[in-house]
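Data block below; observations after.
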Amino acid sequence: MLRISKMSDYAVVLVSKMAGTAERMTLDDLVVATSVPLASVRKLMRLLTQADICSGKKGAGGGYLLQRPPSRISVLEVLEAVDGELALTQCAQQGECDCSLQPHCEVKDSWQVINGVIRSTLMQLSIGDLCQSATDGGQHVVQLLATDRALRLS
C-alpha cells in the first residue's frame, strides 16, 4: 500500500497549524490544537527544527515558529524532514540501487518516472496551498494539480 507514515502526516498537520498564526506555539499549544500526542509532537518539532522548517526558543515566551512563510514550505520538504527521501521503490532512490532484480528489471525506469512525478507534485504543493484548501474543500489543490497536469500534457 502506498501511504505516507503517520509521523509524516502528523508533521504536515503541525506545520499547517503553525501556518495559521504568527505567535510562537509551545509543545502544549500544538498538542491541544492538533490532538497529536505529546511524545510525537516533541520528536517532530526536533526534526522540523533540524530541517530549518521551524525554529524553537526555550524559556519564558518560548515556543516554535515557522522559518518561512507557508507558501515557501513544500509538502515534500516536510515529509522528507521526517522520513528521509521519498521513494516508491528501492531503485527510485537517488544513488546506487542494490536490488537483486536490477539486472533483469524491465520496470525500473517507469518507477523512476512515476516517483519523479510524485516528488515534483509534492514539491510544488506548499503548506500554504494545503491551508487554503482547508477552507474551500480541497478545490485549491485540485485546481493547482489540474493546471500542472495540463501544462505537462501541452
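The values are calculated or read from the model by the stated rules, or taken from the named source; none is laboratory data. Please read all numbers here as calculations on a predicted model, not as lab measurements. For neighbour counting, all protein chains shown are included, and Cβ atoms are generated from backbone atoms with ideal geometry for every residue, glycine included.
Which of the residues spanning the stretch 1-23 are within 10 Å of the chain's Cα centre (by Cα), without any contact (Cβ under 8 Å) to a residue 40 or more places away in the chain and closer than 14 Å to G128 by Cα?
V13
Can you confirm whether V107 is in contact with a Leu (Cβ under 8 Å, 6 or more places away or on another chain) and either modelled with pLDDT of 90 or more or surrounded by fewer than 12 Cβ atoms within 10 Å (Cβ to Cβ) (or both)? I'd like the intermediate steps shown before the answer.
Values: in contact with a Leu (Cβ under 8 Å, 6 or more places away or on another chain): no; either modelled with pLDDT of 90 or more or surrounded by fewer than 12 Cβ atoms within 10 Å (Cβ to Cβ) (or both): yes.
Spelling it out, it is not the case that V107 is in contact with a Leu (Cβ under 8 Å, 6 or more places away or on another chain) and either modelled with pLDDT of 90 or more or surrounded by fewer than 12 Cβ atoms within 10 Å (Cβ to Cβ) (or both).
So, A22, is that one more than 30 Å from V113 (Cβ to Cβ), in a loop (DSSP other than H, G, I, E, B) and hydrophobic (A, V, I, L, M, F, W, C) or not? Don't jump to the end; show me each part of the working.
Working: more than 30 Å from V113 (Cβ to Cβ): yes; in a loop (DSSP other than H, G, I, E, B): yes; hydrophobic (A, V, I, L, M, F, W, C): yes.
Yes.
Here are some residues: V82, V41, V31. Which one is outside any loop (DSSP other than H, G, I, E, B) and either within 12 Å of the chain's Cα centre (by Cα) or surrounded by fewer than 17 Cβ atoms within 10 Å (Cβ to Cβ) (or both)?
Numbers: V41 fails: either within 12 Å of the chain's Cα centre (by Cα) or surrounded by fewer than 17 Cβ atoms within 10 Å (Cβ to Cβ) (or both); V31 fails: either within 12 Å of the chain's Cα centre (by Cα) or surrounded by fewer than 17 Cβ atoms within 10 Å (Cβ to Cβ) (or both).
Sole residue among the options that is outside any loop (DSSP other than H, G, I, E, B) and either within 12 Å of the chain's Cα centre (by Cα) or surrounded by fewer than 17 Cβ atoms within 10 Å (Cβ to Cβ) (or both): V82.
How about the stretch 113-137: which of its residues are among the polar types (S, T, N, Q), at pLDDT 85 or above and part of a helix (DSSP H, G or I)? Walk me through it before giving the result.
Quick first cut of the stretch 113-137, residues among the polar types (S, T, N, Q) only: 115, 120-121, 124, 126, 132-133, 135.
Then keep just the ones that are at pLDDT 85 or above; that gives 115, 120-121, 124, 126, 132.
Of everything in the stretch 113-137, those that are among the polar types (S, T, N, Q), at pLDDT 85 or above and part of a helix (DSSP H, G or I) turn out to be N115, S120, T121, Q124, Q132.
Looking only at the stretch 48-59, which residues are surrounded by fewer than 17 Cβ atoms within 10 Å (Cβ to Cβ) and either modelled with pLDDT of 95 or more or in a helix (DSSP H, G or I) (or both)?
T49, Q50, A51, D52, S55
I'd like to check something: does the stretch 95-103 contain any residue that is modelled with pLDDT of 80 or more and either out of contact with any Gly (no Cβ under 8 Å at 6 or more places or on another chain) or under 23 Å from L27 (Cα atoms) (or both)?
To start, the set of residues in the stretch 95-103 that are modelled with pLDDT of 80 or more comprises none.
No, the stretch 95-103 has no match at all.
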